[in-house]
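K.L.:
Can you keep this structure in mind? I'll have questions shortly.
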Amino acid sequence: MRHNFDTAQLAHDFAYEKNVPYNRVIDLKSMNSRMLTGLRIRREWILGIHTEYQQTPEGPWLKVDREYISLDSFRLDYQDLTSKVNTRITGFYCYQLGSPESIIHLENLSACPLSTQLSHYTGDSYNVHDFHNENDQSSLTAGGVIVHRETKQRFFVPAADVCQFT
C-alpha cells in the first residue's frame, strides 16, 4: 500500500517509524540487480519524492519520481531539489517492497541499459508494444514506473542525479 504525504517532514517521520535506516553504505541508485532483489526479499520501505523539471525555461514540465532507502539520502536530495530553479516538488510517498503491488527497481541506466534490464526480467526489450507508462497505456517514457503489458510487472526506472539540474 502506498502512503502519500503533503510535506517532507510527514514522509520522513512515517519512514522513520517504519525503521528506514538513517544511512546505508550503498545508496539505491548504486545497487545492482542482486542487491535490489535483496531489498524486495527483506520487504524494505521506499521513500519517494514526486518532482517535475523543465529542460528549458519555456519547455513543458516533465514528471520524475525519485526514490530512497535511507533517510539521509532523502533529506540531502530534498535540500538540493528545493534550491533548483528548473525543478519543483509536487509530493512525497512511501511504500513497502515485496507486497503484491510491489515494483521492481532497475539499476542505474548508466551502469546497465534499460532494454537489457527489461529483457532480463521479461524477455522483451524496451518498446511501446511491450511496455507502457503506469498511468497512461498509450505512451511510454523512460522514467518513473513502466508496466510490462503481458505480465503486468511494474518497473521503476531511476531518475538522473539531482546535480544534473540547475
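The values are calculated or read from the model by the stated rules, or taken from the named source; none is laboratory data. Just so you know, these numbers come straight off a predicted model, no measurement behind them. Counting neighbours? That spans all protein chains shown, and the Cβs are built from the backbone with ideal geometry, glycine included. Heavy atoms of the whole protein, side chains included, go into the accessibility calculation; ligands, DNA and RNA do not. Shrake-Rupley method; radii C 1.70, N 1.55, O 1.52, S 1.80 Å.
K.L.:
State all residues of region 18-55 that are closer than 30 Å to residue 85 by Cβ and among the β-branched types (Val, Ile, Thr); if no residue qualifies, say none.
P.N.:
Residues satisfying the conditions are 20, 46, 49, 51.
K.L.:
Restricted to region 1-40, and to residues that are without any contact (Cβ under 8 Å) to a residue 12 or more places away in the chain and polar (S, T, N, Q), which residue is surrounded by the fewest Cβ atoms within 10 Å (Cβ to Cβ)?
P.N.:
Within region 1-40, the first condition is being without any contact (Cβ under 8 Å) to a residue 12 or more places away in the chain, and the residues that meet it are 9, 13, 17, 25-26, 34-35, 37-38.
Within this subset, residues satisfying the condition of being polar (S, T, N, Q) are 9, 37.
Details: 9: 10, 37: 14.
So, considering only residues that are without any contact (Cβ under 8 Å) to a residue 12 or more places away in the chain and polar (S, T, N, Q), the one surrounded by the fewest Cβ atoms within 10 Å (Cβ to Cβ) is 9.
K.L.:
Condition test on residue 109, is it closer than 22 Å to residue 77 by Cβ and modelled with pLDDT under 90? Quick ask: steps written out before the conclusion?
P.N.:
Numbers: closer than 22 Å to residue 77 by Cβ: yes; modelled with pLDDT under 90: yes.
So residue 109 passes the test.
K.L.:
Here is a further query. Looking for whichever is open to solvent by 10 Å² or more (accessible area, probe 1.4 Å), in contact with a strand residue (DSSP E or B) (Cβ under 7 Å, 6 or more places away or on another chain), assigned to a strand (DSSP E or B) and of a type in the set (Val, Ile, Thr) here; the options are 49, 89. Which one fits? Even if it seems obvious, please write down each step before you answer.
P.N.:
Values: 49 fails: open to solvent by 10 Å² or more (accessible area, probe 1.4 Å).
Result of the check over 49, 89: 89.
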